[in-house]
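Chemist: Here it is: the structure, laid out below.
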Amino acid sequence: MFRTEYKEKMMPNEIMHDSFLPDGEASPLGNRPVRHSRKRLLPLLLLLLGVVILAGGGIGLVSLLNAHQPTASGISASASKVGQQSLPQGCTPARIPLNVVAQDAANGLHLTVDRVKTQVHAGKTFAQIATARGITAQQLRALEIHALQQANNYWLGLGCITRQDVTNNMQRDVGDAAYMDSEFTDAFR
């Protein structure tokens, strides 16, 4: 009678075990319903948690790496954010002061910046202007490097850049004759 009443109270998806002990007695656990374990859920939850942690770490790493990538202006995104907040007087976010480059380069040609600009706007390159003034290729290279050094030293003196920035700028800006001519011509546009 107990068994019948108990079966009526059981849930439809529960199964009764009728197990007996070897000597013919009924097992006390045999009358309990078998329930499906929810232990399969735990590994899935742990797997999901691991994926979320890895994805979050990956996103954090990518954003950290992107924060230190150089931008088109030549300064990193984090440096430009810091630089915009605390630039010393007379500094701009540019890598070097082009007005100082142009002034020193024009002085090396014994011309004013305006006279060089006029000739550049007329279609001449900086190297063509220098050649017309009797400057040799070696003298032109020395003049261009000197102008870059003067611009970097000017900003170093103002506290706009560090010594390491000066080294990086010089390594980046000093190239072959065609590259230097293009850069110096652009400084006068």
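The values are calculated or read from the model by the stated rules, or taken from the named source; none is laboratory data. The model shown is predicted, which means the values in this text are computed figures rather than measured ones. No Cβ is skipped: glycine too gets one built from the backbone with ideal geometry, and neighbour counts run over all protein chains shown.
Chemist: Determine whether Thr185 is in contact (Cβ under 8 Å) with a residue 60 or more places away in the chain, hydroxyl-bearing (Ser, Thr, Tyr) and in a helix (DSSP H, G or I).
Modeler: In short, yes.
Chemist: Inspect segment 91-98 for any residue being modelled with pLDDT of 90 or more, of a type outside the set (Val, Ile, Thr) and part of a helix (DSSP H, G or I) and give the result as yes or no.
Modeler: Looking for residues that are modelled with pLDDT of 90 or more, of a type outside the set (Val, Ile, Thr) and part of a helix (DSSP H, G or I), one finds at least one in segment 91-98, hence yes.
Chemist: In segment 168-178, what count of residues is obtained for those that are in contact with a helix residue (DSSP H, G or I) (Cβ under 9 Å, 6 or more places away or on another chain) and part of a helix (DSSP H, G or I)?
Modeler: Residues flagged as in contact with a helix residue (DSSP H, G or I) (Cβ under 9 Å, 6 or more places away or on another chain) and part of a helix (DSSP H, G or I) within segment 168-178 amount to 5.
Chemist: Filter segment 121-134 for residues that are crowded, with 19+ Cβ neighbours inside 10 Å and aliphatic (A, V, I, L, M); which is nearest to Tyr179 (Cα to Cα)?
Modeler: Among residues in segment 121-134 that are crowded, with 19+ Cβ neighbours inside 10 Å and aliphatic (A, V, I, L, M), the one nearest to Tyr179 (Cα to Cα) is Ala127.
Chemist: Of all residues in segment 113-161, how many are in a loop (DSSP other than H, G, I, E, B) and at pLDDT below 95?
Modeler: Result for segment 113-161: 3.
Chemist: I'm trying to understand the selection: among the residues of segment 118-134, which are more than 22 Å from Asn152 (Cβ to Cβ) and not hydroxyl-bearing (Ser, Thr, Tyr)?
Modeler: Passing the criteria: Gln119, Val120, His121, Ala122, Gly123, Lys124, Gln128, Ile129, Ala132, Arg133, Gly134.
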